[in-house]
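Nothing in this text is a laboratory measurement; each read-out follows from the coordinates by a stated rule. Everything quoted here is computed from the prediction, not taken from an experiment. Cβ sites come from the backbone with ideal geometry, for glycine too, and all protein chains shown count toward neighbours.
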Amino acid sequence: MVAFTKSLIVFLLVFSPFQDLDDGWKLFARVAFEPKYFPEFKEKYLVPNFNQAIVSKVGTSITLRGHYLPFDMQGNSIIISKFPYAACFFCGGAGPESVAEIFFSDKPPKFKADQVITVKGKLRLNDKDVNHMNFILDDAELL
């Protein structure tokens, strides 16, 4: 019985559906950013230099667990952050690798600021349009 219990614990640790929830954020953290001047905005923005590790994940399912950020987004999209609102990219000095734009297949429910949610969607990368996040999950679903 003890051997069975130990085997079950090892199995659950290895194959847990919650084990890899931070892997998306870890993948994003490996992306280097550099400032680039955008004359149309007369400002510099951090632009990602996507490495092969993340480019190879485009179109695959990524799961993220993060804090809902209350930004006025259009349609079925939201922004989530690895960190709470007070410490997020927009307010607390975290980097652009710590936020993602989520496009749901259907209209998402109402969330509360800083509500922790888990989403799964197909990865899309953005290094051109400063009106959107660098990391985007399409066809996302709430888990």
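Does the stretch 25-43 contain at least one residue that is among the aliphatic types (A, V, I, L, M) and within 20 Å of Glu141 (Cβ to Cβ)? Yes.
Condition check for Ile78 on (1) over 19 Å from Asn131 (Cα atoms); (2) of a type in the set (A, V, I, L, M, F, W, C); (3) surrounded by 19 or more Cβ atoms within 10 Å (Cβ to Cβ): one failure, at (1). Looking across the stretch 102-127 at every residue that is among the β-branched types (Val, Ile, Thr) and closer than 21 Å to Val31 by Cβ, the one that is surrounded by the fewest Cβ atoms within 10 Å (Cβ to Cβ) is identified as Val119.
Of the residues Ser81, Ser98, Ser77, the single one that is farther than 13 Å from Trp25 by Cβ and not charged (D, E, K, R) is Ser77. Hey, does the stretch 49-60 have a residue that's more than 19 Å from His132 (Cα to Cα), in contact (Cβ under 8 Å) with a residue 60 or more places away in the chain and surrounded by fewer than 11 Cβ atoms within 10 Å (Cβ to Cβ)? Yes, the stretch 49-60 has at least one match. Within the stretch 92-101, is even one residue among the β-branched types (Val, Ile, Thr), surrounded by fewer than 19 Cβ atoms within 10 Å (Cβ to Cβ) and touching a Lys or Arg at 6+ places or on another chain (Cβ under 8 Å)? Looking for residues that are among the β-branched types (Val, Ile, Thr), surrounded by fewer than 19 Cβ atoms within 10 Å (Cβ to Cβ) and touching a Lys or Arg at 6+ places or on another chain (Cβ under 8 Å), one finds none in the stretch 92-101, hence no. In the stretch 120-143, the residue that is nearest to the chain's Cα centre (by Cα) out of those that are of a type in the set (Asp, Glu) and part of a strand (DSSP E or B) is Asp138.
Do we find that Lys82 is closer than 23 Å to Gln52 by Cα and touching a Phe, Trp or Tyr at 6+ places or on another chain (Cβ under 8 Å) in this structure? So Lys82 passes the test.
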